[in-house]
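What follows is calculated from the coordinates using simple rules that are stated; it is not laboratory data. Predicted, not measured: the structure shown is a model, and the values here were computed from it. In this analysis, Cβ positions are derived from the backbone assuming ideal geometry, glycine residues included, and neighbour counts consider all displayed protein chains.
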Amino acid sequence: MASTWVTGGTVVTLGSPCRVIPDGAVRIDGDAIAWVGRRVEAGEMTGEVVDAGGGLIMPGFINAHMHFYSTFACGIALKDAPPTNFKEILERLWWRLDKALTLDDVRLSALVPLVRSLEAGVTTIIDHHASPHAVRGSLDVIAEAARLAGVRTCLCYEVSNRDGAAIAEAGIEENAAFLEAQRGGDGMAAGLFGLHASMTLDEALLARCVDAGRRAGAGFHIHVSESKFDPDDSVARYGERVVRRLADAGVLGERSICAHCIHVDDAELRLLADSATNVVHNPQSNMNNAVGRADVPRMLEMGICVGLGTDGMSATMLDDVRLVNLLHKHGTGDPRQGFTAAGRLLLENNARIASRYFDKPVGVLAPGHKADVITVDYDPPTPLSADNLMGHVLFGLPTARVRHAVVDGRVRLRDGVVCGVDKAAVAAEARARAAEVWARF
Ligand SMILES: [Zn+2]
C-alpha cells in the first residue's frame with residue numbers, strides 16, 4: 001500500500017506532549033497516521049505528497065456539538081414578534097424550521113456546512129439532528145452527505161415529546177436503526193442516542209429512550225439546562241433538577257454528552273464529574289440566545305471534560321474558541337479567565353470526547369491515530385512553540401486560510417477547494433430550495 005505524506009511545513013502534533021516540529025513530515029498509511037517526525041529523517045517519500053507550502057501541519061479541528069439543520073435559518077424572516085426568551089426562540093424559530101424540512105432539505109442543510117467545515121479545517125463533527133416530518137432515514141441522508149464531502153461524523157436524532165407519540169417513536173427507531181447500521185462500519189460515521197432536552201421528555205419517553213440507547217450500547221447526546229426553563233420545568237414536574245433527573249434515569253456516563261449546562265448548581269456539577277460525563281460549551285450560541293454563561297472554569301477545576309461546539313451558529317471552530325477566551329473574561333471580570341480554558345476545550349478535550357466514538361482516536365498527530373490532518377497558510381509573525389501555541393490559535397490562525405484537509409487518509413480539501421462536492425452547485429441548490437422551506441416555515 002502506498003503511503004500519503006503531508007510535509008513542507010511546521011508540524012504541530014497536539015496531544016501530550018504536544019510537539020512542534022519545524023520542517024516536519026507526517027506519513028499516512030490507510031486511514032491512520034504511521035509516522036511523525038523531521039523531514040530529514042523521513043527517508044524517501046513514495047506515494048502522494050501533500051505540500052503545506054511552508055505553513056502549519058496539524059490535526060483537523062473537531063466540532064463537538066453541531067446542528068446541520070440550522071442552515072436554512074440564515075436570513076429567514078420570523079412570522080411573529082421577536083422572541084423575548086429562549087423558549088420563544090425555540091417555538092418561533094427552531095421548532096418551526098425543523099418541521100419544514102424534507103429529507104432532501106436535510107441533505108442540503110448538511111452539505112452546506114460540511115463544505116464550510118472542511119474549508120475551516122474541521123474534520124470531525126458531532127451533530128444533533130431534528131426534522132420531525134422527515135425522521136426516518138434522516139441520519140442516513142446526513143451520513144451519506146458527510147461521506148461525499150469526506151467529513152467524519154457522529155450523528156443522532158433528538159427525540160422529544162413536542163410533536164406527539166408517533167414522531168417520538170420514529171425518533172427512537174431512527175436512533176436505534178442508525179446505531180445498528182454503524183456496527184463494524186468504516187469509521188467515518190458513528191452514532192449516539194439523541195434526546196432533545198429534559199423539558200421536552202416526560203418520564204415514560206425518557207425511560208423508553210434510555211432503554212433503547214442501552215440496548216444499542218450507545219451514549220446519549222442531550223441539551224442540558226441551556227436556559228433556566230429546563231431546571232424550572234424539571235423541579236416543577238419531577239421535584240429534582242435536570243442533571244439529577246438524568247443521572248437517575250441512566251443518561252450520564254463517559255460516552256454521553258450534555259451540551260450547555262449553564263443553569264446547573266454545584267451538586268449537579270459533582271454528578272457530571274463523578275460520572276465522567278462530557279459537557280460541551282457553545283459560547284457563540286449562548287450569547288446569541290442571551291441564556292447566560294456556563295461556569296466552564298469551575299467545571300474544568302472539578303475535572304469535568306468540557307469540549308467546544310458551535311451549536312449550528314457557524315462551521316468554523318475559531319469563532320467559538322475566541323469567544324471562550326472573551327466570554328469568561330467578560331463574565332467574571334477577571335482577565336486571567338478564559339485563555340487556558342479555550343485551549344483545553346478545543347485542542348485537548350474535543351479530541352478526548354470524539355475519540356470515544358470511533359475505532360481509532362482522533363485529534364492528535366501520532367501513530368495509530370486517524371489520519372485527519374490539515375495544513376494552514378500561517379506564517380507566524382512571532383516564534384511559535386508548544387508553550388505559546390494558544391496565543392497563535394486565538395490571535396493568528398482565525399485569519400489564516402486552510403490549504404489542505406486530509407480525512408481518513410484521503411485528501412478532501414486541496415488548495416482550499418473541497419474535492420468531493422461541487423460547492424457552487426450545492427449553494428445554488430440550497431438557495432433555490434430555501435424559498436420552499438421558508439414558505440412552509
Ligand atoms: Zn444544540
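Before moving on, here are some points about what is shown:
- For the stretch 81-130: rounded, prolate or oblate by the Cα gyration tensor [a/c cutoff 1.5]: prolate
- In a simple Cβ point-charge model (Lys, Arg +1; Asp, Glu -1; nothing else charged), the stretch 253-338 has a dipole of about 220 debye relative to its Cα centre.
- The antiparallel fraction among DSSP beta bridges confined to the chain stands at about 45%.
- Spacing of the modelled spin labels on residue 103 and residue 339, each 7 Å from Cα toward Cβ, amounts to 5.2 nm.
- Label-point separation, residue 48 to residue 19 (7 Å along Cα→Cβ), nm: 2.4 nm
- Per-residue ellipticity at 222 nm, computed for the chain from helices alone with -39500 (n - 2.57) per DSSP H run of at least four residues, works out to -10500 deg cm²/dmol.
- Computed from Cα positions, the angle between helix 317-332 and the longest principal axis of the chain comes to roughly 60 degrees.
- Part-to-part distance (alpha-carbon centres) for the stretch 1-57 and the stretch 287-363, which is given in Å: 28 Å
- Amide H contacts of residue 11 (H built 1.01 Å from N, under 5 Å, at least 5 apart or other chain): 21, 23, 24, 57
- With the convex hull drawn around the C-alpha atoms of the chain, the volume per residue stands at 133 Å³.
- Cα gyration tensor shape for the stretch 322-372, rounded if a/c is under 1.5, else prolate or oblate: prolate
- Simple rule: put +1 on each Lys or Arg Cβ and -1 on each Asp or Glu Cβ in the chain, find the dipole, and look at 64, 406, 246; the Cα lying farthest toward the positive end is 406.
- Computed on the chain, with alpha-carbon pairs under 8 angstrom and 6+ residues apart, the relative contact order is 21 percent.
- Overall form of the stretch 355-417 per C-alpha gyration tensor (a/c, 1.5; a/b vs b/c): oblate
- Taking Cβ atoms as reference points and 10 Å as the exclusive limit, the residues near residue 80 contribute a net charge of +1, counting Lys and Arg as +1 and Asp and Glu as -1.
- The charge dipole of the stretch 36-168, taken about its Cα centre with unit charges on the Cβ atoms of Lys, Arg (+1), Asp and Glu (-1) only, comes to about 300 debye.
- Per residue, the Cα convex hull of the stretch 70-183 amounts to 109 Å³.
- With 29 Å as the limit on Cα-Cα distance, the pairs of 329/370; 99/423; 87/423; 87/329; 99/228; 99/360 that go past it are 329/370; 87/423; 99/360.
- For the stretch 427-435, backbone phi angles converted through the Karplus equation (6.51, -1.76, 1.60; θ = phi - 60°) give residue-by-residue couplings of 4, 5, 5, 5, 4, 5, 5, 4, 4 Hz, Gly and Pro being listed as x.
- Cut-off under 5 Å, modelled amide H: who pairs with residue 191 long-range: 155
- Amide hydrogen neighbours beyond the local backbone of residue 293, cut-off 5 Å, H modeled: none
- Counting other Cβ atoms within 10 Å as a rough exposure proxy, the listed residues 117, 3 run 3, 117 from fewest neighbours to most.
- Fewest-first ranking of 183, 403, using other Cβ atoms within 10 Å as the exposure measure: 183, 403
- Scattering curve values for the stretch 133-276, log₁₀ I(q)/I(0), Debye with Cα scatterers, q = 0.10, 0.15, 0.17, 0.18 Å⁻¹: -0.34, -0.74, -0.92, -1.01
- Computed on the stretch 186-321, with alpha-carbon pairs under 8 angstrom and 6+ residues apart, the relative contact order is 20 percent.
- What the phi angles of the stretch 347-358 give under the Karplus curve with 6.51, -1.76 and 1.60, with θ = phi - 60°, is a coupling list of 9, 10, 6, 4, 5, 4, 5, 5, 5, 6, 10, 10 Hz, glycine and proline written as x.
- Integer Hz, Karplus 6.51/-1.76/1.60 couplings in order for the stretch 380-390, x for Gly and Pro: x, x, 9, x, 10, 9, 4, 6, 10, 3, 5
- At 0.692 mPa s and 37 °C, Stokes D of the stretch 251-294 from Kirkwood alpha-carbon radius, µm² per second: 300 µm²/s
- Under a model in which nothing but the beta-carbon of Lys, Arg (+1) and Asp, Glu (-1) is charged, the stretch 284-418 shows a dipole of about 160 debye around its Cα centre.
- Local charge for residue 250 was computed over the other residues whose Cβ lies under 13 Å away, with Lys and Arg +1 and Asp and Glu -1, and equals +3.
- Label-point separation in nm, residue 136 to residue 438, each point 7 Å along Cα→Cβ: 3.2 nm
- Cut-off 14 Å between beta-carbons: net charge of the residues surrounding residue 47, Lys and Arg +1, Asp and Glu -1: -2
- Spatial extent of the stretch 1-108: Rg and Dmax, with the Cα atoms as the point set, Å: 22.7, 66
- For the options 108, 272, 389, a Gaussian network treatment of the chain with springs between C-alpha atoms closer than 10 Å singles out 389 as fluctuating the most.
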